[in-house]
1. Suppose the filter is surrounded by 11 or more Cβ atoms within 10 Å (Cβ to Cβ), closer than 26 Å to Glu9 by Cβ and either over 17 Å from the mean Cα position of the chain (by Cα) or of a type in the set (D, E, K, R) (or both); does Thr88 pass it?
2. Could you list, in sequence order, the residues of the range 1-18 that are surrounded by 13 or more Cβ atoms within 10 Å (Cβ to Cβ) and either under 25 Å from Arg34 (Cβ atoms) or acidic (Asp, Glu) (or both)?
3. Looking at the structure I just gave you, is Ile77 within 14 Å of Tyr6 (Cβ to Cβ), out of contact with any helix residue (DSSP H, G or I) (no Cβ under 8 Å at 6 or more places or on another chain) and in a strand (DSSP E or B)?
4. What do you reckon, is Gly21 exposed (fewer than 13 other Cβ atoms within 10 Å of the Cβ), without any contact (Cβ under 8 Å) to a residue 60 or more places away in the chain, within 23 Å of the chain's Cα centre (by Cα) and on the phi > 0 side of the Ramachandran plot?
5. Given Ile96, Ile113, which one is touching a residue at least 40 places away in the same chain (Cβ under 8 Å), of a type in the set (A, V, I, L, M) and closer than 16 Å to Trp17 by Cα?
6. Which condition breaks for Thr32 when tested against (1) surrounded by fewer than 10 Cβ atoms within 10 Å (Cβ to Cβ); (2) of a type in the set (Ser, Thr, Tyr); (3) touching a strand residue (DSSP E or B) at 6+ places or on another chain (Cβ under 8 Å)?
7. Filter the range 91-115 down to residues that are charged (D, E, K, R) and surrounded by 11 or more Cβ atoms within 10 Å (Cβ to Cβ) and give me whichever is nearest to the chain's Cα centre (by Cα).
8. Suppose we keep only residues that are within 30 Å of Asn20 (Cβ to Cβ) and among the small types (Gly, Ala, Ser) within the range 49-85. Which one would you say is surrounded by the most Cβ atoms within 10 Å (Cβ to Cβ)?
Amino acid sequence: MPYTPYDLEKSANIDAWNANGQAYLDFSQLNTLRYKAFHQLDLRIDKNFFFKNWSLMVYMDIQNAYNFQNTSQDFVIREKNTDGTYKTNLAGDEYILTREPNTSGTVLPTVGIMFKF
């Protein structure tokens, strides 16, 4: 899936950041970058038991069995001083920005029971 990178030079400007409240995208590079392919393996085992007037199903499900970690565009945040104020350059007109990785993905096991009457 394509995405647009951030314009870190424009985003670092204090007036620009304060007006938008977040980093700006670089529209001169619109959709020029691509995320890595997403994939995951989901497994499910279920067993049905049939009785005279009802049935029982038990199952075990594992989503993302091999724990694939998906990456998305990094978060851009302003660095803070120890007193909680935001760090700026020496001229005081630009924030010091940091990129934080944005990853997601976890193994999700589920066990369930279903009754049908």
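Coordinate-derived values only; no laboratory data. In this text, all values refer to a predicted model and were calculated from it rather than measured experimentally. We place every Cβ from the backbone using ideal geometry, glycine too, and count neighbours over all the protein chains shown.
1. Values: surrounded by 11 or more Cβ atoms within 10 Å (Cβ to Cβ): yes; closer than 26 Å to Glu9 by Cβ: yes; either over 17 Å from the mean Cα position of the chain (by Cα) or of a type in the set (D, E, K, R) (or both): yes.
So Thr88 passes the test.
2. First, pick out the residues of the range 1-18 that are surrounded by 13 or more Cβ atoms within 10 Å (Cβ to Cβ): 3-8, 10-14, 16-17.
Residues satisfying the conditions are Tyr3, Thr4, Pro5, Tyr6, Asp7, Leu8, Lys10, Ser11.
3. Details: within 14 Å of Tyr6 (Cβ to Cβ): yes; out of contact with any helix residue (DSSP H, G or I) (no Cβ under 8 Å at 6 or more places or on another chain): yes; in a strand (DSSP E or B): yes.
Yes: the conditions hold for Ile77.
4. Values: exposed (fewer than 13 other Cβ atoms within 10 Å of the Cβ): yes; without any contact (Cβ under 8 Å) to a residue 60 or more places away in the chain: yes; within 23 Å of the chain's Cα centre (by Cα): yes; on the phi > 0 side of the Ramachandran plot: yes.
Yes.
5. Numbers: Ile113 fails: closer than 16 Å to Trp17 by Cα.
Just one listed residue meets the conditions, Ile96.
6. Failed condition: (1).
7. Going through the range 91-115, the residues charged (D, E, K, R) turn out to be 93-94, 99-100.
Pick out the ones that are also surrounded by 11 or more Cβ atoms within 10 Å (Cβ to Cβ) and you get 93-94, 99.
Details: Asp93: 31, Glu94: 27, Arg99: 14 Å.
Here the answer is Arg99.
8. Kept after step one, since they are within 30 Å of Asn20 (Cβ to Cβ), are these residues of the range 49-85: 69-85.
Then keep just the ones that are among the small types (Gly, Ala, Ser); that gives 72, 84.
Working: Ser72: 14, Gly84: 6.
This residue is Ser72.
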